[in-house]
Amino acid sequence: MGAGVQSSTLLTLSAEGILPKVDYAIFADTGWEPKAVYAHLDRLEREVAEPAGIPVFRVTSGNIRNDALNPDHRFASMPLYILNKDGRPGMTRRQCTGEYKIKPIKQKVRDLLGYPHPTRVPKGVFVEQWVGISTDEFHRAKDADVKYMRNRHPLLDLGWSRADCIRYLTSLGLAETPKSSCLGCPFHGNAQWRHIRDTSPSEWADVVEFDAAIRQGNARANASGNRLLGEAFLHRSRVPLSEAPIDHVTAAERAARQIAADDASELENGVVDGCSPWACRGDADALTQDDFGLAT
Ligand code: SF4
């Protein structure tokens, strides 16, 4: 449960008895969610989960912000926008979803099943995992990559779109459900960056400071001699966040950066598939079981 619109809807449908009651909800905490997400999670737990007898487990692999800036800590990289020395654009590989979301969830699931890592989970033993994917994003629905988890997508079974979820949450006084992701996630579109800047000065100062701090890459890589040959940025314009063109996307800018039409809307709304543990973008960040030694 990321505590965004779709997973909040699933929890609430279950708590209300419209869907069968789930045994548990699991929130993977990267340590750097917006304050609004933590507040919403607290409220969901207090007003929805607890009265229904659904335990909410908060699991974590650490604090993604601190780990990026700590030279003594191994860091699973965020998908940063890179400007190489020769001016070519690039991106760092996304490992953070696997490290900070998938890994602690799998560990918790194994604990709940009674087969903590590295114990082998016997054949035929599995959890049914509900993933909040609505009809407008049905292409994101995927099977789990381990046999001890079987994914179900109840919102697809119900035929509910994101708009249906928002209507439902609104009818229950949960209209303010925020978008869940790390505060400084590079997948943010301009709309999300503006929202942070315009509604939360302290969080804006936090992401601007972080953006400047990772300009030469993450601290561990630098400390171990693997310096980034170029510069890293949170905003896809590859301009420091404090100066990035988050208010406007001009035609000239688009042409200059040769951004395809699809990408232009990403500039505003963020990467469509964003960060979801169970519905990753199908590109370079495909995660394998072996990445975390949790396959057995
Ligand atoms: S929200 Fe962004 S930064 Fe955070 S884990 Fe997901 S991809 Fe990484």
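Remark: pairs (first residue in region 79-96, within 14 Å of residue 237 (Cα to Cα); second residue small (Gly, Ala, Ser); Cβ separation under 6 Å; 6+ apart in sequence or on different chains) = 80/232; 82/90; 82/230; 82/232; 83/230; 84/90; 84/230.
Show the residue pairs meeting these rules: Cβ distance below 6 Å; 6+ apart or different chains; first residue within region 25-51 and more than 14 Å from residue 7 (Cα to Cα); second residue away from the ligand (no atom under 14 Å from the Cβ) and not hydroxyl-bearing (Ser, Thr, Tyr). Listed pairs, sorted by first residue: 29/58. Can you pull out every residue in region 116-140 that is closer than 17 Å to residue 166 by Cα and in contact (Cβ under 8 Å) with a residue 40 or more places away in the chain? Scanning region 116-140 gives 131, 132, 133, 134, 137. Restricted to region 93-115, and to residues that are at pLDDT below 95 and surrounded by fewer than 18 Cβ atoms within 10 Å (Cβ to Cβ), which residue is farthest from residue 277 (Cα to Cα)? The qualifying residue farthest from residue 277 (Cα to Cα) is 93.
In the set (1) under 21 Å from the mean Cα position of the chain (by Cα); (2) part of a loop (DSSP other than H, G, I, E, B); (3) surrounded by fewer than 20 Cβ atoms within 10 Å (Cβ to Cβ); (4) more than 16 Å from the ligand (Cβ to nearest atom), the condition left unmet by residue 139 is number (2). If only one of 131, 56 is β-branched (Val, Ile, Thr) and either within 16 Å of the ligand (Cβ to nearest atom) or surrounded by fewer than 17 Cβ atoms within 10 Å (Cβ to Cβ) (or both), which one is it? 131 is the lone residue from the list that is β-branched (Val, Ile, Thr) and either within 16 Å of the ligand (Cβ to nearest atom) or surrounded by fewer than 17 Cβ atoms within 10 Å (Cβ to Cβ) (or both). Could you list, in sequence order, the residues of region 12-38 that are in a helix (DSSP H, G or I) and surrounded by 14 or more Cβ atoms within 10 Å (Cβ to Cβ)? Matches in region 12-38: 12, 13, 14, 15, 36, 37, 38. Counting residues in region 85-92 that are in a loop (DSSP other than H, G, I, E, B) and within 16 Å of the ligand (Cβ to nearest atom) gives one or more. Scanning region 116-136 for residues that are in a helix (DSSP H, G or I) and modelled with pLDDT of 95 or more yields a single hit, 135. Taken together, the residues in region 159-211 that are more than 16 Å from the ligand (Cβ to nearest atom), assigned to a loop (DSSP other than H, G, I, E, B), within 21 Å of the chain's Cα centre (by Cα) and more than 19 Å from residue 30 (Cα to Cα) amount to 5.
Quick check: is even one residue across region 66-80 more than 20 Å from residue 127 (Cα to Cα), part of a helix (DSSP H, G or I) and among the aromatic types (Phe, Trp, Tyr)? Taking every residue of region 66-80 in turn, none turns out to be more than 20 Å from residue 127 (Cα to Cα), part of a helix (DSSP H, G or I) and among the aromatic types (Phe, Trp, Tyr).
Listed here are the residues, each with its yes/no results for (1) at pLDDT 75 or above; (2) farther than 16 Å from residue 81 by Cβ.
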site	(1), (2)
214	yes, no
225	yes, yes
231	yes, no
244	yes, no
249	no, no
259	no, no
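The values are calculated or read from the model by the stated rules, or taken from the named source; none is laboratory data. Everything numeric here is computed off the predicted structure, so don't read it as measured data. Note that we place each Cβ from the backbone using ideal geometry, even for glycine, and neighbour counts take in every protein chain shown.
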